[in-house]
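Only one structure is covered here, and it is reproduced in the block below.
The values are calculated or read from the model by the stated rules, or taken from the named source; none is laboratory data. Keep in mind it's a predicted model, so treat the numbers as computed, not measured. Positions of Cβ are generated from backbone atoms using ideal geometry, with glycine treated the same way; all protein chains shown enter the neighbour counts.
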Amino acid sequence: MNSKSGSFFILVLTLLCFNQIIAQKTVQKIYPTSLTTINYLDSDAVKKYHKKIDTHRIKIELNHIIGIASFYSANLDGTLTSTGEIFKNSKYTAACNLYKLNTLVRVTNMRNGRSVLVRINDRMHPNMLKLGRVVDLSAVAAKKLHLSSMGIVKVALDAVGYTRINPKKQ
């Protein structure tokens, strides 16, 4: 084996090892080790919609949900949310049927590992659960996840706490 092919082999081996390290860090971001033990799932809603939940696309555990995210249309700016406040696409908020209102949730894009904190202040149409959708994000939150170019993406949701205040620019 000459020195060029030996150098190429070492370069390929180094890149493979580097990709493994990056993949491990992404997994750690998606599945954090410090989850709260307080249950933020809306048990009544989960029972109510259990027949509509697509169990092939949606996985529900204590404070951890895997499913598909989409984002609000721009024409919904100014409408009332389920909490009674005015919706703004410039705020870090989201709609979800499975968490209690005012739950602070970390949403992680499972394609690229990016995450954002949002407050659940609205509900989605229940039929979205049939499509595997678990969250509708505001435009600013979707942009943070690089979701706007794709439209929908598989995400992991992790409940962090409860608040009536929207997360600030992250």
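Brief remarks on what is shown
- Members of the stretch 62-90 found to be surrounded by fewer than 16 Cβ atoms within 10 Å (Cβ to Cβ) and at pLDDT below 90, listed by number: LEU62, SER73, ALA74, ASN75, ASP77, GLY78, THR79
- Any hit, the stretch 38-57, residues being of a type in the set (Val, Ile, Thr), closer than 24 Å to LYS143 by Cβ and surrounded by 15 or more Cβ atoms within 10 Å (Cβ to Cβ): no
- Exclusive hit being of a type in the set (A, V, I, L, M), closer than 24 Å to ASP77 by Cβ and part of a helix (DSSP H, G or I), set VAL140, VAL135, VAL105: VAL140
- Within the stretch 61-93, being within 18 Å of VAL160 (Cβ to Cβ), touching a residue at least 12 places away in the same chain (Cβ under 8 Å) and of a type in the set (D, E, K, R) holds for one residue alone: LYS91.
For (1) among the β-branched types (Val, Ile, Thr); (2) under 20 Å from LEU41 (Cα atoms); (3) at pLDDT 90 or above; (4) assigned to a loop (DSSP other than H, G, I, E, B), each residue gets a yes or a no:
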| site | (1), (2), (3), (4) |
| --- | --- |
| ASN97 | no, yes, yes, yes |
| ASN121 | no, yes, yes, no |
| LYS154 | no, yes, yes, no |
| ARG164 | no, yes, no, yes |
| LYS169 | no, no, no, yes |
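- Counted residues, the stretch 83-138 - those being more than 25 Å from THR55 (Cβ to Cβ) and among the hydroxyl-bearing types (Ser, Thr, Tyr): 5
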